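Heads up, the thing below is written out as C-alpha cells.
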Amino acid sequence: MNYKKFGSKIIVRIDRGEEVVSSLKQVCVENNIKAGIISGIGAANKAEIGVYNPETKAYKKEGITGNSEITSLLGNISEMNGEIYLHLHITLVNEDFKTIGGHLNSAFVGGTLEAVIEVLSGEELNRERDEQIGLNLLAI
C-alpha cells in the first residue's frame with residue numbers, strides 16, 4: 001500500500017493481496033485522521049459483506065470469492081473509544097456482471113484499489129453504541 005497527500009485529500013493505492021479495511025485504517029492511524037470520507041474503485045478476489053437486520057440486531061454475512069470489480073467503495077472515518085472506526089459499504093460486480101453489495105467487513109485486492117480519503121481537518125467525529133438499535137451511531 002502506498003499513499004500521497006494532496007492538501008486535505010490522500011490518494012491511496014492498495015496492492016494485490018492486501019486487505020482493504022486494515023490498509024485504509026493504517027493510513028488513518030499514520031496520518032492521525034479522526035474524521036473523513038472515503039471513496040474508491042478497484043478489484044477484489046475475496047470479500048466478506050453484510051446486511052444489518054434491525055429485528056435481530058445482527059448482520060447477515062456472506063463471503064464472496066472470485067474475481068470482481070469494486071465499482072464503488074464508500075464510507076466515513078470516525079472514532080469510537082479512542083480508536084479509528086471505519087464504516088464502509090461496497091458494491092462488487094462479478095465475471096457474470098452480477099452486482100452484490102453491502103456493509104464491508106473485509107476485502108482482498110485482486111488487482112489494485114484506488115481510494116481517496118477526504119480529511120475533515122481539525123475535526124473529530126465520534127460514535128456511541130445505541131443498544132435500542134444495536135449499532136454504533138455517529139455522536140452528532
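Every read-out reported here was derived from the displayed coordinates using simple, explicitly stated rules and does not represent laboratory data. Bear in mind that the values here come from a model prediction, so they are computed numbers and not experimental data. A quick note on method: Cβ atoms are made from the backbone with ideal geometry, for glycine too, and the neighbour counts reach across all protein chains shown.
Say we look at segment 65-86 and pick out the residues that are free of Cβ contacts under 8 Å to residues at least 40 places away in the same chain and not small (Gly, Ala, Ser); which of these is farthest from LEU120 (Cα to Cα)? Per the criteria, the residue is THR65. When PRO54 is tested against (1) without any contact (Cβ under 8 Å) to a residue 60 or more places away in the chain; (2) under 19 Å from LEU138 (Cα atoms); (3) not aliphatic (A, V, I, L, M), exactly one condition is not met: (1). Please work out if LYS98 is over 29 Å from LEU125 (Cα atoms) and either in contact (Cβ under 8 Å) with a residue 12 or more places away in the chain or of a type in the set (Val, Ile, Thr) (or both). So LYS98 does not fit the description; no. Listed conditions (1) surrounded by fewer than 16 Cβ atoms within 10 Å (Cβ to Cβ); (2) in contact with a Leu (Cβ under 8 Å, 6 or more places away or on another chain) are all met by SER68, apart from (1). Taken as a whole, the condition of being of a type outside the set (Lys, Arg) and touching a strand residue (DSSP E or B) at 6+ places or on another chain (Cβ under 7 Å) does not apply to ILE133.
For the residues GLU79, GLU48, the requirement of being of a type in the set (Asp, Glu) and closer than 26 Å to PHE6 by Cβ singles out GLU79. ASN32 passes every criterion in (1) within 27 Å of SER121 (Cα to Cα); (2) in contact with a strand residue (DSSP E or B) (Cβ under 7 Å, 6 or more places away or on another chain) apart from (2). Counting only residues that are under 27 Å from THR65 (Cβ atoms) and among the aliphatic types (A, V, I, L, M), segment 6-48 holds 11 of them.
A single entry from PHE108, PHE97 fulfils the requirement of being part of a strand (DSSP E or B) and either aromatic (Phe, Trp, Tyr) or on the phi > 0 side of the Ramachandran plot (or both): PHE108. Cβ separations smaller than 7 Å between residues 6+ apart or across chains give the following pairs from segment 26-37 residues that are on the phi < 0 side of the Ramachandran plot to residues that are among the small types (Gly, Ala, Ser) and not in a loop (DSSP other than H, G, I, E, B): ALA35/SER78. Of all residues in segment 9-59 being within 16 Å of LEU104 (Cα to Cα) and in a helix (DSSP H, G or I), which is nearest to the chain's Cα centre (by Cα)? Checked segment 9-59; the qualifying residue nearest to the chain's Cα centre (by Cα) is VAL21.
Residues in segment 73-92 that are touching a Ser or Thr at 6+ places or on another chain (Cβ under 6 Å) and surrounded by 17 or more Cβ atoms within 10 Å (Cβ to Cβ) were compared, and the one that is farthest from GLU48 (Cα to Cα) is TYR85.
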